[in-house]
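Participant: Structure incoming, see below.
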Amino acid sequence: MTKTGWAWAWFGFLLALDIAIPWFALTHVEKMSGAFLFWTLWVALAIISAFVIFLRWKEARR
Amino acid sequence: MSITFWVWFGIAVYIAAGLVIALMARRGLGAGMSEFFLANRKVGGFVSALTYSATTYSAFMMIGLAGLTYLGGVGALGFELTYLCGMFMMVFFLPRFWLVGKKYGYVSPMELLSDRYQSKWVGATAAILALVFLVPYGAVQLMGVGYLMNGISQGAIPVVAGIIIAVLCAIAWSNIAGMRSVAWTDTFQALVMIVTSAAVLGVVVVALGGFGSFFSRLESATPGLLTVPTAGGVWNINMFIGLALPWLFFLISNPQVSQRLFIPKSVTAMKQMLGGFLIFGFIYTLISVLWGFGAILLVPGLENADLATPTLLALPIIPMGLAIIVMIGITAAAISTIDSILLTLSSVGARDIYKGLINPRVSEKRELRVGQWVIPIMAIIAFGFAWWVAEQPGNLLELMIAPLSSAASAGLLMAVPAIFGAFFWKRATAPGAIVSCVVGAIVVLGLQIISQLTGWKPLGWWPGTWGFIVCAILFVGVSLATKPPKKKADEFIGYLKEKLSKGNFI
């Protein structure tokens, strides 16, 4: 699979977690360490992965 | 001195600062459409990041999102962070928009679609979609400013006066130097937004005994609001998907933000723009949601959750000066969104409607003049709309604002398959793009009206969800049944493939 394909697959995986964890796995955790902490760490992971990709961008050679 | 005096004083200082910045931006203004609407594609990373942030985040954050948190708890955080996770797609779309923008000289995202699909009707359809759905969105922002100023001044400033102030600022800042003045004032306003909201949240957290005490009080006072589905039944999975889906694709569905993908001056500026926005969005979202949670503890039992922010600001623990500064911050959030919408709609009106459909041989000078005239015209339409809605009786008001806000984001979602197709699918066609946009928008509006009148949602799914499914199926089906612009598709996607590889993009 190409790098682009892997990046799309990773994004799809993140979206699957967005539904699966808070809506099914954490439904009974009535604390800040439940859905609140999950979504905060989850989006931090998404942001870090975007940084990992775009920090490699470079000015195209003429 | 009275609170009304200080509110007026704060507004006057804010307007004066904005005008000075806008006039300073005008000093470097050159000639032409690209210069006026895109600052000649030479915006640095810091300003790009903050104009993107200020345009994206409106008064919705500190009022609507805080209210949604107050009403339904942690689901609001998930919904808004799903949007931010969607910004991961910028790693695909930012370099693509930027590269073809420079290569083909596109001024608006609709022009990109017209050229890629080799049909001016594709751009015109997307332009009409934007005009139909962005005017109510802008009007809701204006009303937010009106109600906020009215609330903070304890009724001394009429709602319509607040709306007029917002309209005049938006017209001035978008007309003085186009993207230059909008981007510079956005930068100022983004800083005001983040600093004031962080400061007032700090005051609330200290009043609640620090973060540890704040969180433990929240867990004991409102445990049902820390899970999804919410114990009280406010958040369910259909509502979550219905709200989150249009926002997930906000970065390409809303032309006032996708147009900004054309403006960074270099790859380094692009990286700073994306990184800066992601950090800003993360912080601002957490502040808005924690603000809503603070309201749950400090002002429980409000009947209207949208009043959580004004009520919290009126508490004695918030110094009057800080409350007024926060009001300015929220006003800045609204105006920075409205002026960007006006600027984008004016470029769309001039390039995609006037030049695209009415007068293809128009000179660039005249095209620019048409665009500059569109700014006050669209502002007056949005003002008239906002004023008319604000004058309606309370129950009718509720009936109109909710579907308009919801339908606006869902309606713009209908352009997303056509945008994906433009960059990733050579087989995509103009009829596929047009039919999917038009039928999708009709489905969204129809289901929105039915849902509002009867409460009925097929299978419990929201109108945007149904519209998107219908739109995507139609886009693929009609494209497969019609002839694609093969030569253009090969050239467009082939060019991107070559440049993406050279720049280490993906």
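Participant: Mind listing whichever residues of segment B:212-250 are among the aromatic types (Phe, Trp, Tyr) and under 14 Å from A:Lys31 (Cβ atoms)?
Facilitator: Once the filter is applied, which keeps residues that are among the aromatic types (Phe, Trp, Tyr) and under 14 Å from A:Lys31 (Cβ atoms), segment B:212-250 yields B:Phe214, B:Phe215.
Participant: Would you check which residues across segment B:29-42 are surrounded by fewer than 24 Cβ atoms within 10 Å (Cβ to Cβ) and not charged (D, E, K, R) and list them?
Facilitator: Correct list: B:Leu29, B:Gly30, B:Ala31, B:Gly32, B:Met33, B:Ser34, B:Asn40.
Participant: Those residues that are more than 30 Å from B:Leu500 (Cα to Cα) and among the charged types (D, E, K, R), I need them from segment A:17-62; list them, please.
Facilitator: Matches in segment A:17-62: A:Glu30, A:Lys31.
Participant: Something else about it: So, in segment B:461-506, how many residues would count as being over 29 Å from the mean Cα position of the chain (by Cα) and not aromatic (Phe, Trp, Tyr)?
Facilitator: Residues flagged as over 29 Å from the mean Cα position of the chain (by Cα) and not aromatic (Phe, Trp, Tyr) within segment B:461-506 amount to 23.
Participant: Quick one: is B:Leu71 more than 30 Å from B:Arg116 (Cα to Cα), modelled with pLDDT under 95, crowded, with 20+ Cβ neighbours inside 10 Å and within 14 Å of another protein chain (Cβ to nearest Cβ)?
Facilitator: So B:Leu71 fails the test.
Participant: A further question on this structure: Filter segment A:11-38 for residues that are more than 8 Å from every other protein chain (Cβ to nearest Cβ) and closer than 14 Å to B:Phe88 by Cα and give the result.
Facilitator: Those that are more than 8 Å from every other protein chain (Cβ to nearest Cβ) and closer than 14 Å to B:Phe88 by Cα: A:Gly12, A:Phe13.
Participant: Quick check: is even one residue across segment B:217-224 in contact with a Phe, Trp or Tyr (Cβ under 9 Å, 6 or more places away or on another chain), within 13 Å of chain A (Cβ to nearest Cβ) and either outside any loop (DSSP other than H, G, I, E, B) or of a type in the set (Val, Ile, Thr) (or both)?
Facilitator: Yes, some residue in segment B:217-224 is in contact with a Phe, Trp or Tyr (Cβ under 9 Å, 6 or more places away or on another chain), within 13 Å of chain A (Cβ to nearest Cβ) and either outside any loop (DSSP other than H, G, I, E, B) or of a type in the set (Val, Ile, Thr) (or both).
Participant: For residues that are of a type outside the set (Phe, Trp, Tyr), surrounded by fewer than 24 Cβ atoms within 10 Å (Cβ to Cβ) and either under 27 Å from A:Ala7 (Cβ atoms) or touching a strand residue (DSSP E or B) at 6+ places or on another chain (Cβ under 9 Å) (or both), tally how many sit in segment B:97-134.
Facilitator: 6
Participant: Hey, can you tell me all the residues within segment B:348-361 that are closer than 17 Å to B:Asp115 by Cβ and either surrounded by fewer than 19 Cβ atoms within 10 Å (Cβ to Cβ) or in contact (Cβ under 8 Å) with a residue 40 or more places away in the chain (or both)?
Facilitator: B:Val348, B:Ala350, B:Arg351, B:Asp352, B:Ile353, B:Gly356, B:Leu357, B:Pro360
Participant: Report, by residue number, each residue of segment B:239-285 that is within 11 Å of another protein chain (Cβ to nearest Cβ) and polar (S, T, N, Q).
Facilitator: Matches in segment B:239-285: B:Ser266, B:Thr268, B:Gln272, B:Thr285.
Participant: Take the residues of segment B:488-506 that are under 13 Å from B:Trp425 (Cα atoms) and of a type in the set (D, E, K, R): which is farthest from the other protein chains (Cβ to nearest Cβ)?
Facilitator: So the residue we want is B:Lys488.
Participant: So, one more: When you go through B:Leu298, B:Leu302, B:Leu261, B:Leu286 one by one, which is the residue that is within 30 Å of B:Leu99 (Cβ to Cβ) and not hydroxyl-bearing (Ser, Thr, Tyr)?
Facilitator: Checking each option against the conditions leaves just B:Leu261.
Participant: Still on this structure, please answer the following. Can you name the residue in segment A:1-10 that is in contact with a helix residue (DSSP H, G or I) (Cβ under 9 Å, 6 or more places away or on another chain) and more than 7 Å from chain B (Cβ to nearest Cβ) and, of all such residues, is surrounded by the fewest Cβ atoms within 10 Å (Cβ to Cβ)?
Facilitator: Looking at residues that are in contact with a helix residue (DSSP H, G or I) (Cβ under 9 Å, 6 or more places away or on another chain) and more than 7 Å from chain B (Cβ to nearest Cβ), I get A:Met1.
Participant: Report yes if B:Leu322 is among the aliphatic types (A, V, I, L, M) and buried (at least 24 other Cβ atoms within 10 Å of the Cβ), otherwise no.
Facilitator: In short, no.
The values are calculated or read from the model by the stated rules, or taken from the named source; none is laboratory data. Please read these numbers as outputs of a predicted model, since none were measured by experiment. When we count neighbours, we look across all protein chains shown, and the Cβ atoms used for this are built from the backbone with ideal geometry, even at glycine.
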